[in-house]
Amino acid sequence: MSSTTTTAGGFRIGVDLGGTKIEAIALSRDGQIAARERVSTPRAYAETLASIVDIVHRVEQTAGAIGAPVGIGIPGAVTPSTGLVKNANSVWLIGEPLGRDLEARLGRSVRLANDANCFAISEAADGAGAGAGVVFGVILGTGVGGGIVVHGRALDGPNFIAGEWGHNPLPWMTPDEFPGPPCYCGKRGCIETFLSGPGLEREYAESAGDARSSAEIVKLAETGSAHAVGVLERYHDRLARALASVINILDPDVIVLGGGMSNLPGLSEAASARLPRYVFSDSVHTRVMRNTHGDSSGVRGAAWLSA
Ligand SMILES: [Zn+2]
């Protein structure tokens, strides 16, 4: 065994390829981050490849993990028959053989997975879902996505969309909600149009008549604004409805909330309290939890991919 292989043996490299930044870490076997680097994401394919190769080499140098296996979380999915990226909101990745190109440049195998799956893998491995059999990891951010981990393994499915609840319609719509706002996917009333950050902000702007950020809406609610309180209560109820429809099908042990909107104060408790109204069961034992690893979940989950 060469010394470099021995050195790499204790580490895995995870890369989170986001829409605005690329982050890489070297993760030790016991889950400690030994090195971390971030760069802005170039908005072109060739430059994205070069940035990933560079950032992987830099964390390896810092951690002494030369040649470590690499997992990469991407904002999309890979079609297995072709190896080409699809469904990426970073559109310059679409149709590109990202995995093959990185393997050629890094000289080792590379595993790619959807970033929501990476979040779910991370939280199931040593986060809020640690020790649970079935974990549904939820991303509530500028978009709404999700990933399902069963006994430590992410579900993919033949269409590679397992857990993509954001483009199902909001369940149990009221007459004033129907048919819901138009979604970029071509449908109306998708869960994402209600539960994303822009969805909450649109709801507030429509009812209060002025535009506020999610953080400002929370502040207004804390100071007693009836509009803001009402908007947040509707958000809690919609989240509970959307999660209840997932529970009715998947019946997960734990639901972990992630993404920027998971920072709304008391969100997991508020959703949890409303679940019994909607879940088809006389009692609800599914735990709804805020994530443990915050912004690092995606990159940690990417590192676990290479296990
Ligand atoms: Zn949609």
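Looking only at residues in the range 168-184 that are surrounded by fewer than 12 Cβ atoms within 10 Å (Cβ to Cβ) and of a type outside the set (D, E, K, R), which one is farthest from the ligand (Cβ to nearest atom)?
Going residue by residue through the range 168-184, those that are surrounded by fewer than 12 Cβ atoms within 10 Å (Cβ to Cβ) are 174-176, 178-179, 184.
In the following step, the residues that additionally are of a type outside the set (D, E, K, R) were identified as 174-175, 178-179, 184.
Values: Thr174: 19, Pro175: 21, Phe178: 15, Pro179: 12, Tyr184: 7 Å.
For the range 168-184, the residue satisfying everything is Pro175.
The single condition from (1) out of contact with any Pro (no Cβ under 9 Å at 6 or more places or on another chain); (2) without any contact (Cβ under 8 Å) to a residue 40 or more places away in the chain; (3) within 24 Å of Asn114 (Cβ to Cβ); (4) buried (at least 20 other Cβ atoms within 10 Å of the Cβ) that Val231 fails is (3). Restricting the first member to the range 111-130 and to residues that are within 16 Å of Glu164 (Cβ to Cβ), and the second to residues that are in a loop (DSSP other than H, G, I, E, B), the beta-carbon pairs closer than 6 Å and six or more apart or on different chains are Asp115/Pro75. Has the range 189-201 got at least one residue that is near the ligand (Cβ under 8 Å from one of its atoms), surrounded by 17 or more Cβ atoms within 10 Å (Cβ to Cβ) and not β-branched (Val, Ile, Thr)? Yes; the residues of the range 189-201 include at least one that is near the ligand (Cβ under 8 Å from one of its atoms), surrounded by 17 or more Cβ atoms within 10 Å (Cβ to Cβ) and not β-branched (Val, Ile, Thr). Considering only residues in the range 142-167 that are of a type in the set (Gly, Ala, Ser) and touching a strand residue (DSSP E or B) at 6+ places or on another chain (Cβ under 8 Å), the one that is nearest to the ligand (Cβ to nearest atom) turns out to be Gly166. Within this structure, His236 passes the test of being more than 25 Å from Asn117 (Cβ to Cβ), within 20 Å of the chain's Cα centre (by Cα) and more than 16 Å from the ligand (Cβ to nearest atom).
Confirm whether Ala35 is in contact with a Phe, Trp or Tyr (Cβ under 9 Å, 6 or more places away or on another chain), modelled with pLDDT of 95 or more and either under 20 Å from Ala307 (Cα atoms) or among the small types (Gly, Ala, Ser) (or both).
Details: in contact with a Phe, Trp or Tyr (Cβ under 9 Å, 6 or more places away or on another chain): yes; modelled with pLDDT of 95 or more: yes; either under 20 Å from Ala307 (Cα atoms) or among the small types (Gly, Ala, Ser) (or both): yes.
Yes, satisfied.
Considering Ala68, Ala113, Ala88, Ala120, the condition of being in contact with a Lys or Arg (Cβ under 7 Å, 6 or more places away or on another chain) and either crowded, with 19+ Cβ neighbours inside 10 Å or under 17 Å from Val299 (Cα atoms) (or both) is satisfied by Ala68 alone.
Can you give me the ranges of the helices (runs of 4 or more DSSP H) entirely in the range 1-112 with at least 2 residues that are among the polar types (S, T, N, Q)?
Numbers: elements: 3-8, 45-63, 98-106.
Answer list for the range 1-112: 3-8, 45-63.
The set of residues in the range 201-219 being more than 14 Å from Pro181 (Cα to Cα), without any contact (Cβ under 8 Å) to a residue 24 or more places away in the chain and either among the polar types (S, T, N, Q) or out of contact with any His (no Cβ under 8 Å at 6 or more places or on another chain) (or both) consists of Gly209, Asp210, Ala211, Arg212, Ser213, Ala215, Glu216, Ile217, Lys219.
Condition check ((1) under 16 Å from Gly73 (Cβ atoms); (2) modelled with pLDDT under 95; (3) not β-branched (Val, Ile, Thr)) across all residues:
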| residue | (1), (2), (3) |
| --- | --- |
| Ala88 | yes, yes, yes |
| Glu103 | no, no, yes |
| Asp115 | yes, yes, yes |
| Ala124 | yes, no, yes |
| Ala130 | no, no, yes |
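The values are calculated or read from the model by the stated rules, or taken from the named source; none is laboratory data. Owing to the predicted nature of the structure, the values given are computational and were not obtained by experimental measurement. Using ideal geometry, Cβ is built from the backbone for each residue, glycine included, and neighbour counts are taken over all protein chains shown.
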